[in-house]
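The values are calculated or read from the model by the stated rules, or taken from the named source; none is laboratory data. Predicted, not measured: the structure shown is a model, and the values here were computed from it. Glycine also receives a Cβ, built like all others from the backbone with ideal geometry; neighbour counts cover every protein chain displayed.
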Amino acid sequence: MTPLLEVDDLRVAFRRRGEPDTVAVDGVSFDVAPGQVIGLVGESGCGKSVTAMAIMRLLPARGVRVTGSVQLDGVDLLGLSESQMRERRGKDLSMVFQDPLSSLNPVIPIGLQVTEVLARHRGMAKEPARKAAADLLERVGIPDPRRRLGSYPHQLSGGMRQRALIAIALACRPRLLIADEPTTALDVTIQAQILELLRELVRETGAALIMITHDLGVVAGLCETVNVLYGGRIVERAQRHRLFGTPRHPYTHGLLRSIPRLDAPSGEELVAIRGSVVDNLPWEHACAFAPRCPRAVDLCTGTTPLAETSGGRLLRCHNPVPASAE
Amino acid sequence: MLRFVLRRLVQVVPTLLLLSLLVFAWLRSLPGGPASAFLGDRATPERIAELNRVLGLDQPIFVQYGRFLGRVLTGDFGASTITGQPVLAEIGRALPATVELSVLALVIAVALGIPLGYLAAQHRGGPVDIATVIGTLIGVAVPVFFLGYLLKAFFAVELGWFPPSGRLSIDVDATNVTGFVVLDGLLTREFDASLDALSHLVLPAVALATIPLAVIVRITRASVLDVLGSDFVRTANSKGLAPGTVRSRHVLRNALLPVSTTIGLQVGLLLAGAVLTEKVFVWGGIGTLLADAITLKDYPRLQALLLLGALVYVLVNLLVDLSYAIIDPRVRL
Ligand SMILES: Nc1ncnc2c1ncn2[C@@H]1O[C@H](COP(=O)(O)OP(=O)(O)OP(=O)(O)O)[C@@H](O)[C@H]1O
Ligand SMILES: [Mg+2]
């Protein structure tokens, strides 16, 4: 199947005055097929949001350099003019953000925040748009949707706000939805409901979904393919069951071992990954994970490992965990 | 909303009462007094004492205050010790001139300040922004009377584009209806009078508008910058909305909240600035009344003017609170 989205060698550098550039995303490549659900996983600061914003072209125009290509249906989004991009945002591709309260305009009723996207891309008149908005709110599980059209964000609960944001993102039935940690601001029971809703909706509308999260639990329940990001690069990619069954990159391995599991034999200890993301080596000369890696060898601090693909798995490591380790 | 307005209006009464007491006590604690100011060279202790007795100033202060309050409640602020005329009538005659001037100045400040501030924020760090920021720094730093004289010397005396002082040219005869000369001209269809009045207004209004303009530009700029970086503007952009929609519906409405507070605070400064501007442009308004009253220790007039100022300030800020409630649904009145 031809991919819907092809991200190829995406690189995002933030220019800083008097200092070397911060490279937040470095050579990221992945494909998303129509209707596919993929995960983008990694610790805070590894470049997940910046990747998403680069695809949406929502990064500030100044002080940021984006290179590579992002093709949606064969059209390179990075080559479009700003107004051509505005034609597509919200219609062909859209995004759900992390913090539902701050992501909604506090002084405008929810209804208008839904209808404005319908008016913009579907040219809908006021009444039909309100009707469609009410249907959308109903579909995402907001009770009494007609009345809710007049509510303001502060009058809704956190879960309801996130539902409203999802309704906005899916209003024009985009072919690609990017969800950037859509559940981190919510409490656990609501998280499960929102994930379930997203799963249903992408199946229903046939949208492809890029699920961004630091939570492997979210990935486990939702994504077919998982990309593990570290220091702005994809270090491992595989089908979900293969990644969870036999993680090969020491970072993925560590991530999985640090999750508490109910079915773990009692007595088995949780293993935290040593150090923190700030202990990065510059990529040009080494593996960024080397300072924290239990399997680091001399080579790791001297040469950057290349991405190698074998058997449907992408791996970027000099000394991977043996396939039979688990 | 109505209950809120009523409650606030009721709160105004004790505020003004307390203020009147403070003003009353403060004026009488100043050295000298109306009698010595009025008599000037001819002041002898006997004549001062006699005049003080006539004016009731020989009574204990709380007796004076009690009488003052009693009269004020019947709407009588007394007569000016300078002109002998009822203070309220004097103020009524002078008020339109000052209101006309202040309102135009405020309109200029708001109508230019908000778009300029927005433009600067949008082009942050660019030449427009830098020029605007420097301009506002100069704007707040230049004293009103200095700018007033400068404008007058250049545009009135040197170029002759605008009249140097007054509210109307002598050869224009305008019918007085409301006291607002521009409005009167429109009402009586004497459009040349309106135009003449307007040309008199330009320079003083510009002088008076500079400081509020600079402040509004700066606040708008800061506020727009703040809103531009917010998550919901990112959401609006992620919907692909047209830039104009993002600007007016998402950025501006939120950015105006702090701006409206600032405008309210500017009204206080505007009243102070009006005194100086009126002096420069010989603008027979409230400012002139106030300046004379201060030099000649005209207690009744000062009391009435200060209370009037306070009342205006309180009412304007009530309007600001109402505008807040209209813009921001989170504010419950
Ligand atoms: N506007 C910016 N200017 C400079 N550097 C930035 C900017 N935005 C992000 N970065 C840098 O890019 C890196 C990646 O940030 P990003 O927001 O993508 O992380 P993330 O993986 O989404 O983390 P989180 O889980 O905390 O959301 C960070 O190290 C950050 O310092
Ligand atoms: Mg993020």
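Computed values, structure above
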read-out: Total residues in segment A:32-85, condition within 16 Å of ligand 1 (Cβ to nearest atom), within 14 Å of chain B (Cβ to nearest Cβ) and under 30 Å from A:Ala220 (Cα atoms); value: 10
read-out: Sole residue being within 16 Å of ligand 2 (Cβ to nearest atom) and farther than 24 Å from B:Gly126 by Cβ, chosen from A:Ile38, A:Ile55; value: A:Ile55
read-out: Selection count, segment A:167-207, where residues are hydrophobic (A, V, I, L, M, F, W, C) and either closer than 17 Å to A:Ala220 by Cβ or free of Cβ contacts under 8 Å to residues at least 12 places away in the same chain (or both); value: 7
read-out: Condition check for A:Val12: away from chain B (no Cβ under 14 Å) and within 11 Å of ligand 1 (Cβ to nearest atom); value: yes
read-out: Criterion (away from ligand 1 (no atom under 13 Å from the Cβ), away from every other protein chain (no Cβ under 14 Å) and either buried (at least 23 other Cβ atoms within 10 Å of the Cβ) or not aliphatic (A, V, I, L, M) (or both)) met by exactly one of A:Leu229, A:Leu186, A:Leu222, A:Leu198; value: A:Leu198
read-out: Subset tally (residues that are away from chain B (no Cβ under 12 Å), touching a residue at least 12 places away in the same chain (Cβ under 8 Å), closer than 13 Å to A:Gly111 by Cα and not in a loop (DSSP other than H, G, I, E, B)) for segment A:146-159; value: 2
read-out: Residues satisfying the stated conditions in segment A:180-194, i.e. among the polar types (S, T, N, Q) and closer than 19 Å to A:Val41 by Cα; value: A:Thr183, A:Thr184, A:Gln191
read-out: Which listed residue, of A:Glu200, A:Glu181, is within 16 Å of ligand 2 (Cβ to nearest atom) and not β-branched (Val, Ile, Thr); value: A:Glu181
read-out: Selection within segment B:32-79 - assigned to a loop (DSSP other than H, G, I, E, B) and in contact (Cβ under 8 Å) with a residue 24 or more places away in the chain; value: B:Gly32, B:Gly33, B:Leu57, B:Phe77, B:Gly78
read-out: Residue within segment B:112-120 that is under 25 Å from B:Glu278 (Cβ atoms) and of a type in the set (A, V, I, L, M, F, W, C) present; value: yes
read-out: Scan of segment A:310-326 for residues that are modelled with pLDDT of 85 or more and over 12 Å from A:Pro250 (Cα atoms), ordered by number; value: A:Arg313, A:Leu314
read-out: Any hit, segment A:111-121, residues being within 16 Å of ligand 2 (Cβ to nearest atom) and either over 19 Å from the mean Cα position of the chain (by Cα) or without any contact (Cβ under 8 Å) to a residue 60 or more places away in the chain (or both); value: no
read-out: Qualifying residue in segment B:283-293 (condition: in a helix (DSSP H, G or I), more than 14 Å from chain A (Cβ to nearest Cβ), more than 25 Å from B:Gly166 (Cβ to Cβ) and of a type in the set (A, V, I, L, M)); value: no
read-out: Residues of segment B:87-139 that turn out to be out of contact with any helix residue (DSSP H, G or I) (no Cβ under 6 Å at 6 or more places or on another chain), within 20 Å of B:Ser248 (Cα to Cα) and of a type outside the set (A, V, I, L, M), as a count; value: 3
read-out: Qualifying positions in segment A:88-105 - within 7 Å of chain B (Cβ to nearest Cβ) and touching a residue at least 24 places away in the same chain (Cβ under 8 Å); value: A:Arg89, A:Gly90, A:Lys91, A:Ser94, A:Met95, A:Phe97, A:Asp99, A:Ser103, A:Leu104, A:Asn105
read-out: Filter result for the condition that a residue is basic (Lys, Arg) and buried (at least 17 other Cβ atoms within 10 Å of the Cβ), over B:Arg124, B:Arg93, B:Arg67, B:Arg167; value: B:Arg167
read-out: Helices (runs of 4 or more DSSP H) (entirely within segment A:171-247) containing at least 2 residues that are under 18 Å from A:Leu93 (Cβ atoms); value: A:188-205
read-out: Flag for B:Leu290 being touching a helix residue (DSSP H, G or I) at 6+ places or on another chain (Cβ under 9 Å) and either polar (S, T, N, Q) or touching a residue at least 24 places away in the same chain (Cβ under 8 Å) (or both); value: no
read-out: Selection within segment A:285-314 - touching an Asp or Glu at 6+ places or on another chain (Cβ under 8 Å) and closer than 21 Å to A:Val23 by Cα; value: A:Pro291, A:Arg292, A:Thr304
read-out: Condition met for A:Phe14 (assigned to a strand (DSSP E or B), more than 16 Å from ligand 2 (Cβ to nearest atom) and either surrounded by 20 or more Cβ atoms within 10 Å (Cβ to Cβ) or hydrophobic (A, V, I, L, M, F, W, C) (or both)); value: no
read-out: Residue in segment A:123-132 that is within 9 Å of chain B (Cβ to nearest Cβ), of a type outside the set (A, V, I, L, M) and assigned to a helix (DSSP H, G or I) present; value: no
read-out: Members of segment B:250-261 found to be surrounded by fewer than 20 Cβ atoms within 10 Å (Cβ to Cβ) and either at the interface with chain A (Cβ under 7 Å from one of its Cβ atoms) or assigned to a loop (DSSP other than H, G, I, E, B) (or both), listed by number; value: B:Arg253
read-out: Of all residues in segment B:208-241 being facing chain A (nearest Cβ under 9 Å), touching a Ser or Thr at 6+ places or on another chain (Cβ under 9 Å) and hydrophobic (A, V, I, L, M, F, W, C), the one that is surrounded by the most Cβ atoms within 10 Å (Cβ to Cβ); value: B:Ala236
